[in-house]
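Student: Starting off with a structure, shown below.
What follows is calculated from the coordinates using simple rules that are stated; it is not laboratory data. These figures come from a predicted structure and were not determined experimentally. Cβ sites come from the backbone with ideal geometry, for glycine too, and all protein chains shown count toward neighbours.
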Amino acid sequence: MKVNPLEPMKAKITEIETMTEIEKLITIKLHDREYAESFSYTPGQFVTLGVMGVGEAPISICTAQNDELELEFCIRNAGRVTNAIHKLKVGDTVWGRGPYGNGFPMDVYEGNDLLLIAGGLGIAPIRGVLQYALQNREKYGDISVLYGVRCYDLMLFKDDMLDYFRNGDRHGVKFYLSYEDKEDQVCYGLACERDDRCMHGMVTDLFKKIDRPSKKTYAIIGGPPIMYKFTIMQLEKLNFRPERVYMTLERRMRCGVGQCGHCIVGTGKSIKYVCKDGPVFTLWDAMNTKGMI
Amino acid sequence: MLVKVLAKSSFSSFVGALGDYGDLYAPVKTSEKVHSFKEIESLTDIDLSYTRTMIPPKKFFIHPEEVIFEFNIDEELYIEPPGGDERIVLFGVHSCDINALNLLAKVFTEELPDKYYLERKERSFIVGVSCVPDEYCFCHSTGTSYAQEGFELFLHDIGDSYFVRVGSLKGHEFIATHPSLFEAAEQSHYDSFKDAERKMYASFTNELEMAGLQDLLDMAYESEVWTEYGDKCLGCGSCNLVCPRCRCYDVEDHINLDLNTGERVRKWYSCMLSEHGLVAGGHNFRPTARERIRNRFNCKGSLREDMPNCVGCGRCTVFCPAEIDYVEVMKKVRGDLK
């Protein structure tokens, strides 16, 4: 077992799926079997994924824990490290450390309804929450998903998402989709297919489509920074209590263990490290930590 | 607390004995305004009358730049560089800096112990020395003008001799192996020690009221004070480098010309640089000097590690090229200054 928390662990890429022009779904298997077996995580936790000679970047795990000992990451080609990862092939080596962060408290949500709200790449950690909830379907009440995309071409996890969209009721999830590009023919087709579940607009517009959430609902948000403000306004209109709203945050990180200082948020009253105190926070945390959202 | 007395006449023998433990580092005057902890060749190099060094002693534990792994791409290996076995003596460290090291130790050793920090701490011998505050010192405000722990020996100047507090087993062993250097402390020594402390405490001219500062910083989040000083700030990051408590680091992979081997390097970093809050894709969580300076002062004022993140050493004020005065900014936050 490793003794140096900064030491990267070897992993092989077992599968690569090109999802969009800029996003790939990368599946990896950790090399050290003992480490892989001890690798226990909850949705919302992340790994620092690296390429030797290039560097490391924090990437959230987009699956729920499974027996395959494989981990999936939805990786947008957005920076130096992710660009290098995009150039790798099946069988190539990547390096990981983690899992880091707190993750979503799936046990806290038990016995409650779930309203999952995701925009863009924010669907990656939310997908793990959804998988977990569906694997343990009996532990949760109603599950609704609001997913906002810019257009069909940029939709992530298309197979999964379209399956939830079309057959969601069988899986036990009400799946709603919004698209921003009015000219998008495929999305328009989906809206014609189920006009009660799909519409043109922002993800926040989907609040018009859903039934009023019960008092026993936890809202769980994943998306770009700008999305939080508008989503929270909608949730406040529905009288969500701030401790019933969860969100996951993005920040620059170098270590993942609360040392390098990059991910710091808050004021003298409320300093937090997104890497170890988060990346999952409640709205109550955000209300008490200026600059968090 | 074990206490001994060291006669000043034994000073050179004492320093010589310290040198037996390991390489001896002490404050040396390197230019008119700058002192630095340097390796000591001759006793006369040591200047214990210094107020502060420019670079704090954190440099001995978290190096400004250090290789944390060597790697080999073909062999798929990250190799930890050998830790080294050199032992060091830091002689003449002030209370503020010892308290700062105690704070660093919390971050680097408590939850996920940093092996590089731990190894170096293990091989060090810290000797504190009492000091006389200048117009920039405000460690009495931050509660760090006295070091309770984090040293082997602490020397308080009481005139003809030093009142020596023993802070660790290593310190005790040093005394036990050099019995001729020390004498037992008598009542008069205790009295002189208390007098000296009282005098030191009374000589502060700079002061920062700390009570409730965390709430006041929170309330000042949208204050104009951040625009005012953000506009002054040059974004050079000097304040971070000279701060004994700043510990942000960056990590870089350096690849050699063979495109196969290289090093992962960790180096000091600064929250006042624009890239500190930048993420891939171009979003910057602290895009202007206003957000960055606000973040720095909030971080300094926080009690996140159970004590203030500032030890009142005055370095950031003394070495700021834009002449931003830390205490002045905090006083504006408090509303003591308009």
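Student: Tell me, B:Thr44, B:Thr288, A:Thr82 in order of fewest to most beta-carbon neighbours within 10 Å?
Tutor: B:Thr44, B:Thr288, A:Thr82
Student: May I ask you to sort A:Arg212, A:Arg166 by Cβ crowding, counting other Cβ atoms within 10 Å and putting the fewest first?
Tutor: Starting with the residue having the fewest Cβ neighbours, the order is A:Arg212, A:Arg166.
Student: Normalising by the residue count of the stretch A:9-100, find the relative contact order in percent from Cα pairs under 8 Å and 6+ residues apart.
Tutor: This gives 38 percent for the stretch A:9-100.
Student: How much mean residue ellipticity at 222 nm does chain A get from its helices, if each DSSP H run of length 4 or more adds -39500 (n - 2.57) and you divide by all residues, to the nearest 500 deg cm²/dmol?
Tutor: Theoretical 222 nm ellipticity from helices: -7000 deg cm²/dmol.
Student: Amide H of A:Asn102: which non-local residues (sequence gap of 5 or more, or other chain) have their own amide H closer than 5 Å, using H built in the peptide plane?
Tutor: Sorted by chain and number, the residues that satisfy this are A:Gly278, A:Val280.
Student: State the percent of C-alpha pairs, over all pairs in the stretch A:250-293, separated by a distance greater than 15 angstrom.
Tutor: 32
Student: Here's something else I'd like to know. Using a simple charge model, +1 on the beta-carbon of Lys and Arg, -1 on the beta-carbon of Asp and Glu, nothing else, what dipole does the stretch B:2-202 show about its Cα centre, in debye to the nearest 20?
Tutor: Charge dipole, the stretch B:2-202, about its Cα centre: 900 debye, nearest 20.
Student: A further question on this structure: With unit charges on the beta carbons (Lys and Arg positive, Asp and Glu negative) and the dipole taken about the Cα centre of the protein assembly as shown, which residue among A:Pro8, B:Asn72, B:His276 sits farthest to the positive side?
Tutor: Working it through, the farthest residue towards the positive pole turns out to be B:His276.
Student: Which of the listed residues, A:Ala64, B:Thr51, A:Met233, is farthest toward the dipole's positive end in the protein assembly as shown, when Lys, Arg count +1 and Asp, Glu count -1 at the beta-carbon?
Tutor: A:Met233
Student: If you don't mind, another one. Give the shape of the stretch A:42-182 as rounded, prolate or oblate, defined through the alpha-carbon gyration tensor: a ≥ b ≥ c are the square roots of its eigenvalues, a/c under 1.5 means rounded, and otherwise the shape is prolate if a/b is larger than b/c and oblate if not.
Tutor: Here the stretch A:42-182 falls in the oblate category.
Student: What's the magnitude of the charge dipole for the stretch B:5-96 around its Cα centre, counting Lys and Arg as +1 and Asp and Glu as -1 at the beta-carbon? Answer in Debye, nearest 20.
Tutor: Dipole of the stretch B:5-96, to the nearest 20 debye: 1020 debye.
Student: Could you pull out the GluC sites (Glu not before Pro) across the stretch B:114-182 that fall in loop regions by DSSP (anything but H, G, I, E, B) with no more than 16 other Cβ atoms inside 10 Å?
Tutor: B:Glu135, B:Glu149
Student: Treating the stretch A:9-100 as a set of equal point scatterers at the Cα positions, no solvent, please give the Debye-formula log₁₀ I(q)/I(0) at q = 0.21 Å⁻¹.
Tutor: Here log10 of I(q) over I(0) equals -1.01.
Student: When only Cα pairs under 8 Å and 6 or more residues apart are kept, what is the percent relative contact order across chain A?
Tutor: 17
Student: I need the GluC sites (Glu not before Pro) found in the stretch A:180-274, filtered to DSSP loop residues with at most 12 other beta carbons within 10 Å of theirs.
Tutor: Passing sites in the stretch A:180-274 are A:Glu183.
Student: Provide the percentage of antiparallel DSSP beta bridges, counting only those with both residues in chain A; round to the nearest 5.
Tutor: About 60 percent, rounded to the nearest 5.
Student: Another question, then. Taking a ≥ b ≥ c as the square roots of the eigenvalues of the Cα gyration tensor of the stretch B:213-334, is the shape rounded (a/c under 1.5), prolate (a/b larger than b/c) or oblate?
Tutor: prolate
Student: Right, next: Label the stretch B:137-292 by shape, choosing from rounded, prolate and oblate, from the square roots a ≥ b ≥ c of the eigenvalues of the Cα gyration tensor; if a/c is under 1.5 it is rounded, and otherwise prolate applies when a/b is larger than b/c, oblate when it is not.
Tutor: The shape class here is oblate.
Student: For B:Leu24, which sequence-distant residues (separation of 5 or more, or a different chain) have an amide H within less than 5 Å of its own amide H, given hydrogens modelled in the peptide plane?
Tutor: Amide H neighbours of B:Leu24: B:Ile40, B:Val89.
Student: To the nearest 20 Debye, how big is the dipole of the stretch A:250-293 about its Cα centre, given +1 on the beta carbon of each Lys and Arg and -1 on that of each Asp and Glu?
Tutor: Here the size comes out at about 140 debye.
Student: Going by amide H atoms built from the backbone, whose H comes under 5 Å of the H on B:Leu77, apart from near neighbours?
Tutor: Amide H neighbours of B:Leu77, under 5 Å, 5+ apart: B:Asn72.
Student: How about the stretch B:28-58: which GluC sites (Glu not before Pro) there lie in a loop by DSSP and see at most 15 other Cβ atoms within 10 Å?
Tutor: Loop-located and lightly packed - B:Glu32, B:Glu41.
Student: Could I ask something else about it? If only Cα atoms are counted, what is the Rg of the protein assembly as shown, and what is its Dmax, in Å?
Tutor: 28.3, 95
Student: Could you tell me the center-to-center distance, by alpha carbons, between the stretch B:106-184 and the stretch B:210-266 in angstrom?
Tutor: If we compute the Cα centre of each part, the gap is 27 Å.
Student: Let me ask something else about it. What's the exposure ranking of B:Ser274, B:Ser180, going from fewest to most Cβ atoms within 10 Å?
Tutor: Going from least to most buried by this count: B:Ser180, B:Ser274.
Student: Give the relative contact order (percent, whole number) for chain B; include only Cα pairs under 8 Å separated by 6+ residues.
Tutor: 21
Student: I want to check a number: in the stretch A:106-248, how many lysine pairs have alpha carbons closer than 22 Å, given a sequence separation of 8 or more or different chains?
Tutor: For the stretch A:106-248, the number of qualifying lysine pairs is 22.
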